[in-house]
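Engineer: Sharing a structure, written as structure tokens. Questions coming.
The values are calculated or read from the model by the stated rules, or taken from the named source; none is laboratory data. No experiment lies behind these values; they were computed from the predicted model shown. Every residue, glycine among them, receives a Cβ derived from its backbone with ideal geometry; neighbour counts consider all protein chains shown. Accessible surface is based on the protein model in full, side chains and every heavy atom, while ligands, DNA and RNA are left aside. Shrake-Rupley method; radii C 1.70, N 1.55, O 1.52, S 1.80 Å.
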Amino acid sequence: MSTQQLPEHPDFLWRNPEPKSSYDAVIVGGGGHGLATAYFLAKNHGMTNIAVLEKGWLAGGNMARNTTIIRSNYLWDESAAIYEHALKLWEILPEELEYDFLFSQRGVMNLAHTLGDVRESMRRVGANQLNGVDAEWLDPKQVKELCPILNISDNIRYPVMGATYQPRAGIAKHDHVAWAFARKCDELGVDIIQNCEVTGFVKDGNRVVGVKTNKGTINTEKVGLAAAGHSSVLAEMAGFRLPIQSHPLQALVSELHEPVHPTVVMSNHVHVYVSQAHKGELVMGAGVDSYNGYGQRGSFHVIEHQMAAAVELFPIFARAHVLRTWGGIVDTTLDASPIVGNTPVENMFVNCGWGTGGFKATPAAGMTFAHNIATGTPHQLNKPFALERFETGALIDEHGAAAVAH
Amino acid sequence: MLLISCPNCGSRDETEFHYGGQAHVAYPENPNELNDREWAEFLFYRDNTKGAFAERWLHSTGCRQWFNMLRDTVTYDIQAVYPMGTPRPAAAPAAPESGTASLAADSTTTGTAAPSISGTSTSAPSISATGTTASTTAPEGATK
Ligand SMILES: Cc1cc2nc3c(=O)[nH]c(=O)nc-3n(C[C@H](O)[C@H](O)[C@H](O)COP(=O)(O)OP(=O)(O)OC[C@H]3O[C@@H](n4cnc5c(N)ncnc54)[C@H](O)[C@@H]3O)c2cc1C
Ligand SMILES: [Zn+2]
């Protein structure tokens with residue numbers, strides 16, 4: 001691996017139109033999911049008289065704050081299906097969107113540190129293989145071969161007892177992904193409207209017929225919510241509840257280093273994960289801050305904790321420095337799975353609850369959500385992720401696969 | 001790091017506490033009479049307020065007692081600490097949404113957060129003076 005040259009900073013890739021008085025559909029939230037949804041609405045369903053409304057700047061929310069890990073090694077069939085579909089889309093999207101966003105399939109390793117971890121990991125590898133997801137179990141020696149800077153000795157608090165490994169997993173440049181979708185949306189005629197905050201909805205009985213914004217009221221036949229951490233706030237405006245709690249989730253980067261870390265390493269047990277960005281920064285994250293928060297910042301002890309774990313696992317990181325930390329607002333559910341589908345309000349649809357790990361799902365979330373919005377009924381892949389599962393009890397518990405996040 | 005005033009022990013670092021989520025959620029009086037929707041509401045649905053939020057905290061490495069707290073989920077300003085079983089105090093006037101820059105990350109969560117609880121008083125809800133929120137006006141930043 002060598003440090004790669006990033007593409008030149010692009011010129012303007014989309015127009016900045018004023019909103020029209022009405023659209024066939026309006027997507028609330030101009031993050032990765034909102035943009036991907038608009039793209040697939042236009043491309044797969046011919047819906048081009050649509051708008052994406054973003055209260056800040058395009059992809060300035062979690063899309064710009066995530067640590068870009070892409071993988072599909074989730075435990076349950078429903079999750080493996082949608083995340084693996086996403087991974088397959090990632091593999092073809094650079095060509096389709098005509099934009100090289102540096103999708104790098106350098107593999108992702110999930111470490112096991114206890115007997116419980118080992119059993120859970122092996123079970124997951126087996127489940128993955130049955131679902132056609134590339135997954136293997138590595139013993140500590142193989143872990144070391146793949147990632148020589150990892151400390152696999154016995155004299156640490158939680159020695160590495162092995163790892164699951166997904167070779168096709170990896171990372172991508174998140175901001176370029178957003179720009180790639182935005183440019184294509186714009187080419188297809190989609191209006192991307194920044195600095196446009198949705199402040200309420202217009203309803204005719206139980207049917208949504210418009211959105212109120214700081215730029216005036218916009219009539220629309222359909223509304224798709226893709227507001228991540230703010231989903232509950234929007235649902236409340238529309239008159240329904242979501243089983244979501246918004247938490248701060250932090251990450252950080254070091255200064256630039258020579259390439260030392262060839263893959264992505266995650267550890268649920270000691271709460272840290274690390275990759276090395278194309279330019280050379282070490283990118284690290286941990287779990288969410290425990291409290292509810294909309295502040296896009298968290299508490300410093302979470303970072304201290306993750307750094308302690310990182311230095312024990314990667315002794316050479318002791319000489320690196322934290323250059324920058326930041327936080328996003330993640331929309332967590334109790335079963336660590338997303339909610340994509342219809343809502344109690346007619347013609348209003350919701351895509352949320354991706355929590356700490358929705359970047360990897362961006363293309364599949366967009367594809368299925370677009371299908372759901374265009375046809376009014378869920379796509380095969382998002383059907384199990386309906387809001388009703390909290391009533392039927394058909395939860396999709398992915399805490400094992402999603403625990404530290406991502 | 002939040003600085004939290006335990007009603008029994010006084011101001012301590014957040015790391016001594018455990019978060020317990022939304023306060024004032026009562027166990028259903030007649031669980032057998034709930035339909036699936038109502039049961040789902042009790043099990044899975046909690047408020048996710050942007051603004052003043054009543055929540056439970058446990059001083060797990062101190063007195064090991066639960067208590068309630070009113071905290072702004074945008075500024076993280078702690079507006080009141082009060083005993084379990086007592087009603088939620090009125091919210092302090094909503095603080096303006098401050099800049100969410102992480103440049104000033106912890107400044108609003110340490111210095112200004114603690115309500116003034118005097119000594120060992122455990123009974124009366126104490127509401128901090130209003131307007132103590134340090135509003136950082138820096139633009140949103142620090143994206144990666
Ligand atoms: C620190 C961190 C690390 C992460 N790491 C990973 C990772 O490695 N891998 C992974 O798969 N996932 C990761 N995630 C999760 C991932 O970032 C999210 O699941 C995903 O980005 C959510 O979808 P989105 O891109 O559409 O969200 P966002 O980019 O947050 O988009 C939502 C948008 O809605 C807008 N909005 C909100 N309210 C309104 C309103 N009223 N009107 C108009 N617009 C509104 C917001 O401004 C925002 O731009 C991470 C998240 C964080 C915070
Ligand atoms: Zn105490």
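Engineer: Hey, if you put +1 on the Cβ of every Lys and Arg and -1 on every Asp and Glu Cβ in the stretch A:146-246, which of A:VAL202, A:ALA178, A:ASN214 ends up farthest toward the positive end of that dipole?
Structural biologist: A:VAL202
Engineer: Could you list, in their original order, any pairs among A:LYS184/A:LYS360; A:LYS55/A:LYS222; A:LYS43/A:LYS215; A:LYS184/A:LYS279 whose Cα atoms are separated by more than 30 Å?
Structural biologist: The pairs that break the limit, which is 30 Å between Cα atoms, do not exist here.
Engineer: Here's a follow-up. Taking the Cα atoms only, what angle lies between the long axis of helix A:362-375 and the longest principal axis of chain A, rounded to 10 degrees?
Structural biologist: It is inclined by approximately 30 degrees.
Engineer: Another question about this same structure. When the helices in chain A are scored as -39500 (n - 2.57) per DSSP H run of 4 or longer and the sum is shared across all residues, what 222 nm value do you end up with, to the nearest 500 deg cm²/dmol?
Structural biologist: -9000 deg cm²/dmol
Engineer: Across the stretch B:16-72, how large is the tail of the calculated P(r) beyond 13 Å, expressed as a percent of all Cα pairs?
Structural biologist: So the pairs more than 13 Å apart make up 66 percent of the total in the stretch B:16-72.
Engineer: Just the number, please: Stokes-Einstein D of the stretch A:1-148 in µm²/s, Kirkwood Rh from C-alpha pairs, 37 °C, 0.692 mPa s.
Structural biologist: Estimated via Stokes-Einstein, D reaches 175 µm²/s.
Engineer: How much accessible area per residue does the protein assembly as shown have, in Å², with a 1.4 Å probe?
Structural biologist: Result: 39 Å² of accessible area for each residue.
Engineer: Counting only the heavy atoms of the protein chains, how much of A:MET122 is accessible to a 1.4 Å probe, in Å² to the nearest 10?
Structural biologist: Counting only protein heavy atoms, A:MET122 exposes about 90 Å² to solvent.
Engineer: Of all the accessible heavy-atom surface of the stretch A:15-163, with the other protein chains kept in place and a 1.4 Å probe, what percent is carbon and sulfur?
Structural biologist: C and S fraction of accessible area: 52 percent.
Engineer: May I pose another question? Near A:HIS45, within a Cβ-to-Cβ distance under 12 Å, what is the net charge of the other residues, with Lys and Arg +1 and Asp and Glu -1?
Structural biologist: Around A:HIS45, the charge tally is +1.
Engineer: Another question about this same structure. In Å, what Rg and Dmax follow from the Cα atoms of the stretch A:343-392?
Structural biologist: Every Cα atom of the stretch A:343-392 included, Rg and Dmax give 10.9, 29 Å.
Engineer: If one takes the longest principal axis of the Cα atoms in chain A, at what angle in degrees, from 0 to 90 and to the nearest 10, does the Cα axis of helix A:32-45 lie?
Structural biologist: 60
Engineer: Quick check for me: using +1 on Lys/Arg Cβ and -1 on Asp/Glu Cβ, what's the dipole size of chain A about its Cα centre, in debye to the nearest 20?
Structural biologist: 320
Engineer: Could you order A:VAL202, A:VAL177, A:VAL270 so the one with the most accessible surface comes first? Probe is 1.4 Å.
Structural biologist: Descending accessible area places them as A:VAL202, A:VAL270, A:VAL177.
Engineer: A:GLY29: net charge of surrounding residues, Cβ under 13 Å, Lys/Arg +1, Asp/Glu -1, itself excluded?
Structural biologist: Net charge around A:GLY29: -2.
Engineer: Ranked by accessible surface with a 1.4 Å probe, highest first, in what order do B:TYR27, A:TYR99, A:TYR291 come?
Structural biologist: Sorted descending by solvent-accessible area, the residues read B:TYR27, A:TYR99, A:TYR291.
Engineer: Rg to Rh ratio, the protein assembly as shown, alpha-carbon atoms and Kirkwood radius?
Structural biologist: Here the Rg-to-Rh quotient is 0.96.
Engineer: May I ask you to order A:224-231, A:189-196, A:104-111, A:125-132 by the average number of other C-beta atoms within 10 Å around their residues, highest value first?
Structural biologist: Taking the mean over residues of other Cβ atoms within 10 Å, the ranking is A:224-231, A:104-111, A:189-196, A:125-132.
Engineer: Follow-up. In peptide B:25-34, what is the residue-averaged number of other protein chain Cβ atoms found within 10 Å of each Cβ?
Structural biologist: 0
Engineer: Now for a separate question. Please give, to one decimal in nm, the separation of the simple spin-label points placed at A:LYS144 and A:ARG241, each 7 Å out from Cα toward the Cβ.
Structural biologist: For A:LYS144 paired with A:ARG241, the spin-label model returns 5.4 nm.
Engineer: Relative to the Cα centre, what is the charge dipole magnitude of the stretch A:235-394, using +1 at the beta carbon of each Lys and Arg, -1 at the beta carbon of each Asp and Glu, and rounding to the nearest 20 debye?
Structural biologist: 200
Engineer: Still on this model: Under a 1.4 angstrom probe, counting protein chains only, how are A:PHE12, A:PHE40, A:PHE103 ranked by accessible area, largest first?
Structural biologist: Heavy-atom accessible area, descending, gives A:PHE12, A:PHE103, A:PHE40.
Engineer: Normalised by the empirical 2.2 N^0.38 Å for globular proteins, what value does the Cα Rg of the stretch A:223-267 take?
Structural biologist: 1.94
Engineer: How large is ³J(HN,Hα) for each residue in the stretch A:203-208, as worked out from phi by the Karplus curve 6.51 cos²θ - 1.76 cosθ + 1.60 (θ = phi - 60°), to whole Hz, x for Gly and Pro?
Structural biologist: Running phi through 6.51 cos²θ - 1.76 cosθ + 1.60 with θ = phi - 60° gives 10, 10, x, 9, 9, 7 Hz.
Engineer: Taking amide H positions as placed in the peptide plane 1.01 Å from N, state which residues far from B:GLN65 in sequence (5 or more) or on other chains have amide H under 5 Å from it.
Structural biologist: It is B:HIS59, by chain and number.
Engineer: Count the net charge of all other residues whose Cβ sits under 9 Å from the Cβ of A:ARG71, scoring Lys and Arg as +1 and Asp and Glu as -1.
Structural biologist: +2
Engineer: Pop out the ³J(HN,Hα) list for the stretch B:12-29 in order, Karplus 6.51 cos²θ - 1.76 cosθ + 1.60 with θ = phi - 60°, rounded to Hz; leave Gly and Pro as x.
Structural biologist: With coefficients 6.51, -1.76 and 1.60, one gets 9, 5, 3, 5, 7, 10, 10, 7, x, x, 3, 8, 6, 9, 7, 5, x, 5 Hz.
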